[in-house]
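What follows is one structure encoded as structure tokens, with my remarks underneath.
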Amino acid sequence: QTGTTSLTVTSATLVSVTVLPRTPSILTGKSQQFTATGSFSDSTTQDLTTVVTWTSSNPAVATISNASGSEGLASTLAANVTFITATDPTTNIAGATTLTVSTAVLVSVSVTPPLPHVALGYTQQFTATGTFSDNTTADLTDIVTWSSTNASVASVSNTAGSEGLATSLAVGFTDVTATEPLSNIAG
């Protein structure tokens, strides 16, 4: 058996490139995935993350990958600010955003939502937010170690892509904890 589909090729031209996330702030030693989206003259958009050329204006602060499979992944090296730019190699149209790298230390971790109720057999996504000594916050959901005090009631995932996802297993009560592994600060 075979399947077919139609491919439409248009004469639309690239108008602009948008880099996301906008102005992220992360800690030294952490990484940040950026994406590039192209807007075209026919009002369509396309993911250009693997097509554009990525550059960092200050490689001493952060480098950004153009390697196959990790395009747009920034690795931070020192505290400061750098501009992350995505340039379409055919048209030289570019988009950019600012990456702020901080050396602030973690002060606390909060877990949301607070006190959720979940029906048996359903799941609940938790989020861990870190508050730092410079009063900034960051999403730590995929960095912390998740645990449940009563694993027979609910388990919480530490698997990549589903971090913080609790699965209900029995009627009862359990505390869900998010622990930052370097500082052991928990919420």
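The values are calculated or read from the model by the stated rules, or taken from the named source; none is laboratory data. Note that the structure is a prediction, hence the values are computed from the model and not measured. Neighbour counts are summed over all protein chains in view; Cβ atoms, including those assigned to glycine, are modelled from backbone coordinates with ideal geometry. Accessible surface areas use protein heavy atoms only, side chains included; no ligands, DNA or RNA. Shrake-Rupley method; radii C 1.70, N 1.55, O 1.52, S 1.80 Å.
Which value, in Å², gives the accessible area per residue of the chain when a 1.4 Å probe is used on the protein heavy atoms?
Ligands and nucleic acids excluded, the result is 57 Å² per residue.
Give me the net charge for the shell around residue 165: Cβ to Cβ below 15 angstrom, other residues only, Lys and Arg +1, Asp and Glu -1.
-3
Students often check this: by mean Cβ neighbours within 10 Å, which of 114-121, 176-183 ranks highest, and how do the rest follow?
176-183, 114-121
Just to be sure I understand, if you calculate percent of Cα pairs over 29 Å apart for this structure, which of (i) 28; (ii) 51; (iii) 42 do you get?
(iii)
If you plug each phi of the stretch 133-144 into the Karplus form 6.51 cos²θ - 1.76 cosθ + 1.60 with θ = phi - 60°, what whole-Hz ³J(HN,Hα) values come out, in order, with x for Gly and Pro?
Values per residue, Gly and Pro as x: 5, 9, 6, 8, 10, 8, 6, 10, 3, 8, 10, 6 Hz.
For the stretch 45-187, with all protein chains present and a 1.4 Å probe, just round the carbon and sulfur fraction of the accessible area to a whole percent.
Answer for the stretch 45-187 is 55 percent, counting heavy atoms of protein chains only.
Given the C-alpha centroids of the stretch 72-102 and the stretch 163-181, what is the distance between them in whole angstrom?
36 Å
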